[in-house]
Amino acid sequence: MTKRIAVLISGSGSNLQAIIDAVSKKQINGEIVLVISNKGDAYGLQRAQQANIETQVLQHTDYDSREAFDKDLSNALIAAKADVIVLAGFMRILTEQFVNQFQDKMLNIHPSLLPKYKGLNTHQRAIDAKDSHAGCSVHYVTAELDGGPIAMQGITAIDVTDDAEQLAQKVHRLEHIIYPKVISWICDDQLTSIDNRLYFNSELLDETGFKLSLDDVQ
Ligand code: GRF
């Protein structure tokens, strides 16, 4: 059965756009049924509307507590009958209760080679540490921030001349390839998460998941 995808955003939504494009090219065998933003001015909302996708704004500042916000978010996702929940630049910490409610169904993309550099300013931190490589990770969401099982990582070399902005651009290119790819596997029932363990064609996936290097796509 065609999977129903909900995408949660807070900003530009370039990852959302990559997913919209992959659906329209039938590279993803699924349907984006809802885009939710916690900010009314997120540009990603316009991208969704242009693609005739239903949008909803749940302005987090309208809520007294994280629990109340998460309750409405959960109700919206249940009403949309979402099978796959995609966090794409969604800048909100979710309550443990919410995360557990959607265990094995919710994905995130994080701009680092996890488990390195959880949290913010990932590219600057990789440069400061003189790392040879940087990248991004698509992972399932668990109660541990940026700590869930990894499905795929995109990897690029850090050039000595790279500043954080240049590195972010290279990593973004990878994000726009690996996120649709992972979602397509889920929609085709190739990739599954069971109790936070990932299986690809029923085989247990190793800890850091599939890899894609920017060199392979240039
Ligand atoms: C991406 O860099 C992603 O890794 C992080 O937030 C950013 C979202 O960018 N979680 P966009 O809104 O998809 O352009």
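The values are calculated or read from the model by the stated rules, or taken from the named source; none is laboratory data. Please read these numbers as outputs of a predicted model, since none were measured by experiment. In this analysis, Cβ positions are derived from the backbone assuming ideal geometry, glycine residues included, and neighbour counts consider all displayed protein chains. Note: accessible area is taken over every heavy atom of the protein model, side chains too, but ligands, DNA and RNA are not part of it. Shrake-Rupley method; radii C 1.70, N 1.55, O 1.52, S 1.80 Å.
Against the longest alpha carbon principal axis of the chain, how many degrees, from 0 to 90 and to the nearest 10, is the axis of helix 164-187 turned?
Computed tilt is about 50 degrees.
Using the structure shown, select from LYS3/LYS25; LYS25/LYS81; LYS39/LYS81; LYS3/LYS71; LYS3/LYS26; LYS25/LYS181 the pairs with a Cα to Cα distance greater than 18 angstrom.
LYS25/LYS81; LYS39/LYS81; LYS3/LYS71
In whole Hz and in residue order, list the ³J(HN,Hα) couplings for the stretch 72-87 that follow from phi through the Karplus curve 6.51 cos²θ - 1.76 cosθ + 1.60, θ = phi - 60°; x for Gly and Pro.
5, 4, 4, 4, 5, 5, 5, 4, 7, 6, 6, 8, 10, 10, 10, 8
Using the eigenvalues of the Cα gyration tensor, what equivalent ellipsoid semi-axes result for the chain when each is taken as the square root of five times the eigenvalue, whole Å, largest first?
26, 20, 18
Which peptide among 164-173, 63-72, 3-12 comes first, and what is the full order, when sorted by highest mean count of other Cβ atoms within 10 Å?
Ranking the peptides 164-173, 63-72, 3-12 by packing returns 3-12, 164-173, 63-72.
Under the rule of at least 5 residues apart or a separate chain, name every residue whose amide H is placed under 5 Å from the amide H of ALA151.
The answer is VAL138, HIS139, TYR140.
Could you derive backbone 3J(HN,Hα) for the stretch 143-154 from the dihedral phi with the Karplus parameters 6.51, -1.76 and 1.60 (θ = phi - 60°), listing whole Hz in sequence and x where the residue is Gly or Pro?
Running phi through 6.51 cos²θ - 1.76 cosθ + 1.60 with θ = phi - 60° gives 5, 7, 4, 6, x, x, x, 8, 8, 7, 10, x Hz.
Hey, rough spin-label estimate for ASP104 and LEU145, points 7 angstrom out along Cα→Cβ, what's it come to in nanometres?
For ASP104 paired with LEU145, the spin-label model returns 2.8 nm.
With a probe of 1.4 Å, find how much accessible area the chain has per residue, and write the answer as a whole number in Å².
It amounts to 50 Å² per residue over the chain.
Mean residue ellipticity at 222 nm from the helices of the chain, using -39,500 (n - 2.57) per DSSP H segment of n ≥ 4 over the full residue count, to the nearest 500 deg cm²/dmol?
Taking each H run of at least 4 residues, the total per residue is -10000 deg cm²/dmol.
With the full set of protein chains in place, find how many percent of the accessible area of the chain is carbon and sulfur; take the probe as 1.4 Å.
For the chain, the apolar C and S fraction of the accessible surface comes to 47 percent.
Where the centre of each part is set by its Cα atoms, how far does the stretch 114-148 sit from the stretch 161-194, in angstrom?
Distance between centres, Cα-based: 13 Å.
Starting from the alpha-carbon convex hull of the stretch 1-102, give the projected area averaged over all orientations, in nm².
One quarter of the hull surface, i.e. the mean projection, equals 6.1 nm².
Show me 147-155, 118-126 ranked by packing, highest mean number of other Cβ atoms within 10 Å first.
Going by the mean number of other Cβ atoms within 10 Å, highest first, we get 147-155, 118-126.
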